[in-house]
1. Condition test on Leu34, is it surrounded by 14 or more Cβ atoms within 10 Å (Cβ to Cβ), in a loop (DSSP other than H, G, I, E, B) and either touching a residue at least 40 places away in the same chain (Cβ under 8 Å) or of a type in the set (D, E, K, R) (or both)?
2. What's the number of the only condition in (1) free of Cβ contacts under 8 Å to residues at least 24 places away in the same chain; (2) surrounded by 14 or more Cβ atoms within 10 Å (Cβ to Cβ) that Gly43 fails to meet?
3. Determine, yes or no, whether Lys21 is among the basic types (Lys, Arg) and in a loop (DSSP other than H, G, I, E, B).
4. Restricting attention to the stretch 97-128, and to residues there that are of a type in the set (A, V, I, L, M) and either out of contact with any Phe, Trp or Tyr (no Cβ under 9 Å at 6 or more places or on another chain) or surrounded by fewer than 16 Cβ atoms within 10 Å (Cβ to Cβ) (or both), which single residue is farthest from Leu35 (Cα to Cα)?
5. In the stretch 77-90, how many are in a strand (DSSP E or B), out of contact with any Asp or Glu (no Cβ under 7 Å at 6 or more places or on another chain), of a type outside the set (Ser, Thr, Tyr) and touching a residue at least 12 places away in the same chain (Cβ under 8 Å)?
6. Looking at (1) outside any loop (DSSP other than H, G, I, E, B); (2) under 21 Å from Thr23 (Cβ atoms), which is the only condition Lys66 fails?
7. In the stretch 69-128, which residues are among the small types (Gly, Ala, Ser) and under 11 Å from the mean Cα position of the chain (by Cα)?
Amino acid sequence: MTDTQTKPHGELTIQTIAMPKDTNASGDIFGGWLLSQMDLAAGVIAKRESHGRSVTVAVNSMEFHKPVKVGALVSCYCTLLKKGRTSLSIEVEAWATSATGEDREKVTEGIFVFVAVDQDGKPRELPK
């Protein structure tokens, strides 16, 4: 898939720097590390919308467009797609800006599903 998107969609939720400890044998950042950053970003939105605890129950889609290099600034942008009775669907776009700050491109996108839970870990209704 060729992505011609030039601007992120959604709310800037978190930013972090890709570090050497998070690389694979080829020198690119692990996809799992990037997935975890996106999950953290979606979790910020889920916490705000649920007014409390929520848990990731699914990643409905995930697409890796380009590798992330060490030193890149990784920015996650979130959009609330759907709010159900107990669940939230959140689209996350991860964008990487090169260490020199010259290039920015979307590297990954996915849809994360969260469920609001009570103190016992049981699903609870979302606030209206």
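Read-outs throughout are calculated quantities, based only on the coordinates presented, and are distinct from any laboratory measurement. Just so we're clear, the structure is a prediction, and the values are computed from it rather than from any experiment. Every residue, glycine as well, gets a Cβ built from its backbone with ideal geometry; the counts of neighbours run over all protein chains shown.
1. Values: surrounded by 14 or more Cβ atoms within 10 Å (Cβ to Cβ): yes; in a loop (DSSP other than H, G, I, E, B): no; either touching a residue at least 40 places away in the same chain (Cβ under 8 Å) or of a type in the set (D, E, K, R) (or both): yes.
Here the answer is no, as Leu34 does not meet what is asked.
2. Single failed check for Gly43: (1).
3. Considered against the rule, which asks whether it is among the basic types (Lys, Arg) and in a loop (DSSP other than H, G, I, E, B), Lys21 comes out as no.
4. Result: Leu126.
5. Quick first cut of the stretch 77-90, residues in a strand (DSSP E or B) only: 77-83, 87-90.
Filter once more, so that each one left must be out of contact with any Asp or Glu (no Cβ under 7 Å at 6 or more places or on another chain): 82, 87, 89-90.
Going one step further and asking which of them are of a type outside the set (Ser, Thr, Tyr), we end up with 82, 90.
Remaining after also requiring touching a residue at least 12 places away in the same chain (Cβ under 8 Å): 90.
The number of residues fulfilling the criteria is 1.
6. Lys66 satisfies every listed condition except (1).
7. Ser75, Ala94, Gly110
Yes/no matrix, rows are residues, columns are (1) more than 13 Å from Phe114 (Cα to Cα); (2) surrounded by 15 or more Cβ atoms within 10 Å (Cβ to Cβ); (3) of a type in the set (Gly, Ala, Ser):
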| position | (1), (2), (3) |
| --- | --- |
| Ser50 | no, yes, yes |
| Val55 | no, no, no |
| Val68 | yes, yes, no |
| Ser75 | yes, yes, yes |
| Arg85 | no, no, no |
| Trp95 | yes, yes, no |
